[in-house]
Amino acid sequence: MHRIAYLTDMDVLGTPGLSAAMPRLTARAILRNPAGLCAVMYAEKFDLYSLPGGGVEEGESIEDALRREITEETGCTIESIEPLGYVEENRAHADYTQISYYFLVTTRDETLRPHLTEAEQSHGTRAIWCTLDEACEHISSAVHETNQRKFLQARDVAALKAYLNDQPRKESP
């Protein structure tokens, strides 16, 4: 899998510095249903749109984490998985690093049956289906106040751009 982006405080916040912390691993998806719509997670409390996914637990493979996270957040069952790439985040301001592995995922499910955590429920988190253009607009257009949300937005925007830039090559014979 290739690197899509390396995001530092300088890139996202305009401030210098790097963290040497061990990275947290996550698995995330551009999830499409049979109608070609994309799943986007919306946390009402934070007015935050993001791609579905989350942390890899100890002893869990990245693909297993992806399957678990997609089921928990959207209630969907994964039909196919194709690697897209990974985004490295180096957040000096928080002494934190993360590697998010992105996948192109399809599902046959039309109806969402999520299994959200109490925290996600309290944040008003829900999955919504929208066109790819709408997903890009929701995720990229927000102006966030916190550094955390700025990084979340930057990594998902980088993944979506990589996907969009790869489309003509994938669709050509």
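The values are calculated or read from the model by the stated rules, or taken from the named source; none is laboratory data. Just so you know, these numbers come straight off a predicted model, no measurement behind them. Using ideal geometry, Cβ is built from the backbone for each residue, glycine included, and neighbour counts are taken over all protein chains shown. When the accessible area is computed, the model is the full protein with side chains, heavy atoms only, and any ligands, DNA or RNA have been set aside. Shrake-Rupley method; radii C 1.70, N 1.55, O 1.52, S 1.80 Å.
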Under 6 Å by Cβ, and 6 or more places apart or on different chains, what pairs join a residue from segment 147-159 that is in contact (Cβ under 8 Å) with a residue 12 or more places away in the chain and more than 10 Å from Leu7 (Cα to Cα) with one that is surrounded by 18 or more Cβ atoms within 10 Å (Cβ to Cβ) and not hydrophobic (A, V, I, L, M, F, W, C)?
Leu152/Ser50; Asp156/Ser50; Ala159/Tyr102
Is it the case, given these coordinates, that Ser100 is among the small types (Gly, Ala, Ser) and either assigned to a loop (DSSP other than H, G, I, E, B) or over 17 Å from the mean Cα position of the chain (by Cα) (or both)?
no
Please verify whether segment 52-69 includes one or more residues that are modelled with pLDDT of 95 or more, within 22 Å of Val143 (Cβ to Cβ) and under 12 Å from the mean Cα position of the chain (by Cα).
no
Do you know which residues across segment 25-54 are open to solvent by less than 20 Å² (accessible area, probe 1.4 Å), over 19 Å from Thr146 (Cβ atoms) and not charged (D, E, K, R)?
Ala27, Ala29, Ile30, Leu31, Asn33, Cys38, Ala39, Val40, Pro52, Gly53
Would you confirm whether or not segment 62-79 contains a residue that is touching a Ser or Thr at 6+ places or on another chain (Cβ under 9 Å) and small (Gly, Ala, Ser)?
yes
